[in-house]
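A quick write-up on the structure given underneath.
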Amino acid sequence: MIRSALMNVMTAAALKAGRGLKRDFGEVANLQVSVKGPGDFVSAADRRAEKILFEELAKARPGYGFVMEESGRVEGTDQSHTWIIDPLDGTTNFLHGIPVFAISVALEREGQLVAGLVYNPADDDMFVAERGQGAWLNNRRLRVAQRRELADSLIATGVPHLGKAKEHPRFKQELAAVMTRVGNVRRFGAASLDLAYTAAGRFDAYWERSLQPWDIAAGIVLVREAGGFVSDLSGGQDMLSNGEILAGGETIQRALGDLLRKA
Ligand code: 2AM
Ligand code: CA
């Protein structure tokens with residue numbers, strides 16, 4: 001476990017916002033059958049969770065800035081600290097009653113990601129990491145998978161949705177290259193959890209494009225602190241600005257990157 005004041009603040013805020021999300025997730029199942037559908041309800045749940053995270057974190061750490069999926073950027077008086085927040089990652093799953101969604105909270109200090117939390121209120125998985133303190137799932141220390149052969153590996157990715165149709169041809173090429181070499185591929189639909197599962201060694205590696213900083217900031221800290229490697233798809237460190245992510249244990253992360261570059 002990480003017993004730091006910072007992690008106490010982050011987990012308390014996530015648990016409070018998570019209680020609301022869990023309640024709302026229970027409601028979504030009842031709304032599935034209504035004519036209007038649960039879309040508006042889910043975006044309200046999303047905004048409620050973000051408001052709780054914002055209020056709790058602002059109260060505990062006055063002056064820190066925020067970058068949030070719903071409300072955008074809020075400048076703080078403290079120029080060196082920024083929270084990067086997705087109150088509900090995996091919105092499509094949540095909307096469809098699938099319990100694979102998460103709150104994602106990261107802290108950036110002087111431009112460096114120093115802490116990350118990914119919390120799924122549906123199964124109470126709380127993934128946390130702080131620089132130099134390791135990555136943890138509840139009370140268990142995490143370590144990325146140590147597999148060395150692509151053929152034995154389980155690889156996660158994200159399929160570009162309909163609104164990103166212009167990315168479909170490239171994704172099909174990449175998937176074709178990957179699926180013929182790896183054990184199998186998974187698509188869970190929540191980037192923050194894909195990274196958390198990679199930190200936990202459940203996935204050997206994960207890649208996706210066109211993500212937002214709040215989808216991946218916390219998960220990047222988790223994977224690094226679990227001993228994994230994270231880069232963009234060119235091998236650089238511009239994940240937050242170009243939205244590309246490639247994460248995993250050293251050997252498979254590198255091998256997957258090579259496959260994708262040749263696709
Ligand atoms: P979201 O649920 O917060 O939107 C799925 O591949 C990943 O892409 C999820 O983490 C999802 O986050 C993210 N994503 C970002 N923009 C999206 C969009 N417009 N539609 C669907 N998923 C999106
Ligand atoms: Ca998201």
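The values are calculated or read from the model by the stated rules, or taken from the named source; none is laboratory data. None of these values were measured; they are calculated from a predicted model. Every residue, glycine among them, receives a Cβ derived from its backbone with ideal geometry; neighbour counts consider all protein chains shown. The accessibility values were calculated without ligands, DNA or RNA, using every heavy atom of the protein model including side chains. Shrake-Rupley method; radii C 1.70, N 1.55, O 1.52, S 1.80 Å.
Observations on the model:
- Taking packing as the residue-averaged number of other Cβ atoms within 10 angstrom, the listed peptides 209-217, 82-90 run from highest to lowest as 82-90, 209-217.
- For segment 150-262, the fraction of 1.4 Å probe accessible surface lying on carbon and sulfur atoms is 51 percent.
- Heavy-atom accessible surface of segment 5-141: percent carbon and sulfur, 1.4 Å: 50 percent
- Backbone N atoms of segment 192-211 closer than 19 Å to the 7 Å Cα→Cβ label point of Ile98 belong to residues 192-198, 202-211.
- Links that overshoot a 31 Å alpha carbon limit, given the list Lys16/Lys172; Lys51/Lys164; Lys166/Lys262; Lys22/Lys164; Lys164/Lys262: Lys16/Lys172
- Rounded, prolate or oblate (a/c below 1.5 giving rounded, otherwise prolate when a/b exceeds b/c) for segment 150-262 by Cα gyration tensor: rounded
- Cα gyration tensor shape for the chain, rounded if a/c is under 1.5, else prolate or oblate: oblate
- Partners for Lys59 among aspartates and glutamates (Cα-Cα distance below 19 Å; same-chain residues under 8 apart left out): Glu50, Glu75, Asp78, Asp86, Glu108
- A 1.4 Å probe run over the protein chains yields, for the chain, 46 Å² of accessible area per residue, whole-number rounding.
- Once the Cβ-Cβ distance of Val74 and Asp152 is raised to the sixth power relative to R0 = 51 Å, the FRET efficiency obtained is 0.70.
- Counted by Cβ distance under 11 Å from Gly228, the other residues give a net charge of -1, where Lys and Arg count +1 and Asp and Glu count -1.
- Remark: spin-label model distance Arg187-Gln237 equals 3.2 nm, labels positioned 7 Å along the Cα→Cβ axis.
- The chain - charge dipole about Cα centre, Lys and Arg +1 at Cβ, Asp and Glu -1, debye rounded to 20: 460 debye
- Distance (nanometres) between label positions extended 7 Å along Cα→Cβ at Gln212 and Lys59: 2.5 nm
- Part-to-part distance (alpha-carbon centres) for segment 96-125 and segment 219-254, which is given in Å: 16 Å
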